[in-house]
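The values are calculated or read from the model by the stated rules, or taken from the named source; none is laboratory data. No experiment lies behind these values; they were computed from the predicted model shown. Positions of Cβ are generated from backbone atoms using ideal geometry, with glycine treated the same way; all protein chains shown enter the neighbour counts. Just the protein is used for accessible areas: all its heavy atoms, side chains included, with ligands, DNA and RNA removed. Shrake-Rupley method; radii C 1.70, N 1.55, O 1.52, S 1.80 Å.
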Amino acid sequence: MSITPATVPHHIAIVMDGNGRWATRRFLPRLAGHRQGVESLRRCVRACVARGVGVLTVFAFSSENWNRPADEVSGLMDLLAKALAREVPQLSRDGVRLHFVGEKSALSDKVREGLRQAEAATAANDRLVLNVCFNYGGRWDIAQAAAALAARGEPITEASLHAAMGMAHVPDPDLLIRTGGEKRISNFLLWQAAYSELYFSDRLWPDFDEAALDEAIADYAARERRFGRTSEQLQQQPTAARLSA
Ligand code: IPE
Ligand code: IPE
Ligand code: MG
C-alpha cells in the first residue's frame, strides 16, 4: 500500500529498543549502540516531518532503566545533554517542537537545564511535536496525575486524570511501534495507548530506517479501528464513527 496523507497516523509513539544488541553484535560497547540510536532518531524525525506526522513520541529512558549499570546510566545522561546541544538548531529549522515528559526532579541540574533550554528554543515551532519520554513510566504518570489532583482537592475522573498527565498537550497515539523484537509495553504510555494500534518490528532501533517506518505506516493503514463498535457500524457510518472516537 502506498503512503498517502490520509493513511498517515497523526501521532506515532515508539519504544526505541535494541541499541545494546546492535552494539554487542558489532563487539562495541553498549553506549555505541545508544549513540547510533540518536542517529536513527534524527532520521526518523525527518521522515515523520516529510510524511506529515503531527506528533512523534519516543521512549528514551524508562523509570526502570536506572537499574542498569551505573556507567551506562551516566553515559545515557551525557548522551542526552550532548545530543540536545548538537541537534536543537537543526530540529528548530525543521519546525520541530520539543517536549520532555517524565520525572525531571531525579535528573541533574545540567540535564534539566538542557531540557528547559531545548523546550524554550523550539516553543514556536509547529510542524511536528516531538515528545521525548525520559525518566518516564506510565505508572509514574498516572500516579503523579492522581497525586496532583488529590493535592488540589479535585475529583478524579478520566478527563481530569488525562488533563493532569504528561501527555495532555497531544491526542493519544494512533500507532505505537516497538522495535527490537520484544512484544511488551515496558511501562510506556499505559493510559494513552488504550486504543493505539500496536506494531512490533524485529529490527533493532539503529536499523529502523525510512523503509521500516513506511512498512509500519502501511500496516497501520490497513487496520480497522473500531473503538468498541462493530465492523458493520463503521461501514454504515465511517465518518461519524471516526469523528466520535
Ligand atoms: C533501548 O535499547 C534504549 C534504552 C533502553 C535506553 P536497549 O539498551 O534496551 O537495547 P537492548 O534491548 O539491550 O538491545
Ligand atoms: C524500554 O526498553 C525502554 C526504552 C526503550 C527507553 P527496555 O530495554 O528498558 O525494556 P525491557 O527491560 O526489555 O522491558
Ligand atoms: Mg532493551
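Of A47, A218, A147, the residue with the greatest mean-square motion in the GNM of the chain, using alpha carbon springs below 10 Å, is A147.
When region 155-212 is described by a simple charge dipole with +1 on each Lys and Arg Cβ and -1 on each Asp and Glu Cβ, the residue from M167, S201, A212 located farthest towards its positive end is M167. For a paramagnetic label modelled at 7 Å from the Cα of Y195 toward its Cβ, which residues of region 202-216 fall within the zone defined by backbone nitrogen distances under 19 Å? None, by backbone N distance to the label point.
Beyond 19 Å, the tail of the calculated P(r) for region 67-180 holds 56 percent of the Cα pairs. Entry note, the chain: relative contact order of 27 percent, from Cα contacts under 8 Å with a spacing of 6+ residues. Here region 164-223 yields Rg over Rh of 0.99, to two decimals, using C-alpha coordinates and the Kirkwood radius.
Full extension of the chain segment joining K110 with I142 gains 8.8 nm, where the gain is 0.36 nm per residue of separation less the Cα-Cα distance. Sorting the Cα pairs of region 5-127 by distance into bins of 5 Å, from 0 upward, gives 2, 10, 19, 23, 21, 14, 9, 3, 0, 0 percent per bin. In the distance distribution for region 11-244, Cα-Cα pairs more than 31 Å apart total 23 percent. Per residue, the chain exposes 50 Å² of accessible surface when a 1.4 Å probe is rolled over the protein heavy atoms with every protein chain present.
Its Cα centre serving as origin, the chain has a Cβ charge dipole (Lys and Arg +1, Asp and Glu -1) of approximately 320 debye.
For the pair F27 and E119, a Förster radius of 45 Å applied to the C-beta separation gives a FRET efficiency near 0.75, rounded to the nearest 0.05.
For the options F227, F188, F200, a Gaussian network treatment of the chain with springs between C-alpha atoms closer than 10 Å singles out F227 as fluctuating the most.
In a reduced charge model with +1 at each Lys and Arg Cβ and -1 at each Asp and Glu Cβ, region 1-122 shows a dipole moment near 400 debye about its Cα centre. Ordering A118, H11, L149 by Cα displacement along the dipole of the chain toward the positive end leaves A118 in first place; charges were set at the Cβ atoms of Lys, Arg (+1) and Asp, Glu (-1). Using a probe radius of 1.4 angstrom, the carbon and sulfur fraction of the accessible surface of region 11-244 is 52%. Residues T7, T24, sorted by accessible area with the largest first, give T24, T7 [1.4 Å probe; ligands and nucleic acids excluded]. Of the residues S231, G75, F188, the one whose Cα sits farthest towards the positive end of the charge dipole of region 11-244 is G75 (charges of +1 on Lys and Arg Cβ, -1 on Asp and Glu Cβ, taken about the Cα centre).
What the Cβ-Cβ distance of R225 and K183 gives, at R0 = 22 Å and to the nearest 0.05, is a FRET efficiency of 0.65.
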